[in-house]
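Step one of this worksheet: look at the structure below.
The values are calculated or read from the model by the stated rules, or taken from the named source; none is laboratory data. Note that the structure is a prediction, hence the values are computed from the model and not measured. No Cβ is skipped: glycine too gets one built from the backbone with ideal geometry, and neighbour counts run over all protein chains shown. All accessible areas refer to the heavy atoms of the entire protein, side chains included, with ligands and DNA or RNA removed. Shrake-Rupley method; radii C 1.70, N 1.55, O 1.52, S 1.80 Å.
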Amino acid sequence: MLKAFSLKIFSKNIILLLVAVFSLAHFSNAQKILSGDRKKIKEKEDSLQQLAADIILDSLTGPRMRSDSLFTRTLIRALQVKNSFYYPFDSVQGVSKLYAPDSAFRIFTWNLQLNDYWCLQRGAIQMRTSDGSLNLIGLHDASSFTGNADDSVRNRNNWIGSVYYDLVKTNYNGKDFYTLIGFDNNSAMSNKKWIEVLTFDERGAPVFGGKYFSFEKDSLKRPTQYRFSLEYKKEARAILKYDEDSKLIIVDHLISETDEPQNKWTYVPDGDYEAFKWQNGKWMHIDKLYNYKLEEGQAPVGDPLLDPKGNLDEKKLEEKSQKNRTKKNGDNFPDNQY
């Protein structure tokens, strides 16, 4: 009986191994780019590399816009090459290229600065296809024409623009959710960071936002939001990032350094942290991270500017404000914004 049982387990393992080998071979064939096609993409990549630099570095608005237009057209032509989904475009700097953890799609995003007071984010989603053909979904930034971005579901035509630097996949009731974390070079006086949940409808079209950000466990209740934003002083640095170990999105707690809470461009980190935890299909807000008990102990307390009674330590605030004032400008690309 034991021998028969062992033989059964052995046979099952052999079958599983054969399935794994077949799947690996199929995946390898699917992502193979022929040498001739790779050469075509590489030629386009060389042009994209220069155009991406011009979008960022050219001092005049007109040439930046022309470079952006040429970049978009050249990128589309490159992506039309079969199996381009698997080409990384590593040399194209200043453009975010994020793959979904399950490789269902990748998303390109970049910033177009029109002047000191106005910028647009540009973006496109490339879906993975079984035959290597192009399925590309362009995104149109409607942020400048939006009064309140926190209260609406969006589509490709009225996207809230952001240059994404992190992508987290979660699941609830058999449905996949892709949480995007990004940076917005908002204005001459403030930056923004966004958390945006992306799903796909039954036709495969992207859906941005929904009632995913809950504050029901806070002492001060707030309505559920469709997306979350963090706006802060231009010279400051504010953390908004996903922590893989704790499975939390960590958020700097902000206060006005000039006691003007109505002016978001005066906001700086105070040393406290908030967080979001994925529960039952929502990102549940944690008001004070250092009060939240993780599975393996307490979260870090940090160096808060407020005491437990909520009183402000003026000396610490001035020290942090001085540090923000002495930071170098130009750290606006999302990789430097963690």
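What residues have an amide H closer than 5 Å to that of TYR273, excluding those fewer than 5 places away on the same chain, when H is modeled at 1.01 Å from N in the peptide plane?
HIS253, LEU289, TYR290
Give a residue-ordered list of calculated ³J(HN,Hα) values for segment 169-178 (Karplus: 6.51 cos²θ - 1.76 cosθ + 1.60, θ = phi - 60°; whole Hz; x for Gly, Pro).
Calculated HN-Hα couplings, in order: 9, 10, 9, 8, 6, x, 10, 8, 10, 10 Hz.
Return the Rg/Rh ratio of segment 223-298 with Cα-based radii and a Kirkwood Rh.
1.00
In sequence order, what are the phi-derived ³J(HN,Hα) couplings for segment 33-38 according to the Karplus relation 6.51 cos²θ - 1.76 cosθ + 1.60 with θ = phi - 60°, rounded to whole Hz, with x for glycine and proline?
After applying 6.51 cos²θ - 1.76 cosθ + 1.60, I find 9, 4, 4, x, 5, 4 Hz.
What is the set of long-range amide H partners of TRP283 at a cut-off below 5 Å, with H atoms built 1.01 Å from backbone N?
PHE213, SER214
Calculated FRET efficiency, LYS217 and SER103, Cβ-Cβ r, R0 30 Å, to nearest 0.05?
Here the calculated transfer efficiency is 0.30.
If Lys and Arg each add +1 and Asp and Glu each add -1, what is the summed charge of the other residues whose beta carbon sits under 13 Å from the beta carbon of ALA52?
-2
Sorted by mean Cβ packing within 10 Å, highest first, what order do the peptides 153-163, 34-44, 220-230 take?
Answer by packing, highest mean first, reads 153-163, 220-230, 34-44.
Consider a paramagnetic label point 7 Å from the Cα of ASP287 along Cα→Cβ; state which residues of segment 243-261 have an amide N under 20 Å from it.
So the set is 249-256, 261.
Two decimals, Cα atoms only, Kirkwood Rh: what is Rg/Rh over segment 86-156?
1.02
Quick check: at a probe of 1.4 Å, how many percent of the accessible area of segment 28-143 sits on carbon and sulfur atoms?
Reported share for carbon and sulfur atoms: 52 percent.
Assuming R0 = 22 Å, can you tell me the calculated FRET efficiency for the pair TYR86 and GLN50, based on Cβ-Cβ distance, to the nearest 0.05?
For TYR86 and GLN50, the calculated efficiency is 0.40.
I'd like the Karplus ³J(HN,Hα) series for segment 253-260: coefficients 6.51, -1.76, 1.60, θ = phi - 60°, whole numbers in Hz, and an x wherever there's a Gly or Pro.
Values, residue by residue: 7, 10, 9, 7, 6, 10, 6, 10 Hz.
Taking 0.36 nm per residue of sequence separation and subtracting the Cα-Cα distance, how much length would be gained by fully extending the chain between GLN262 and SER187, in nm to one decimal?
Residue separation times 0.36 nm, minus the Cα-Cα distance, leaves 25.4 nm.
Stretched out fully, how many nm does the piece from TRP118 to ASP243 gain, at 0.36 nm a residue minus the Cα gap?
Extra length available between TRP118 and ASP243 comes to 41.9 nm.
Around ASP166, which amide H atoms from residues at least 5 apart in sequence, or from another chain, sit under 5 Å from its own amide H, with H modelled in the peptide plane?
ILE181
Which value, in Å², gives the accessible area per residue of segment 82-233 when a 1.4 Å probe is used on the protein heavy atoms?
Each residue of segment 82-233 exposes 42 Å² on average to a 1.4 Å probe.
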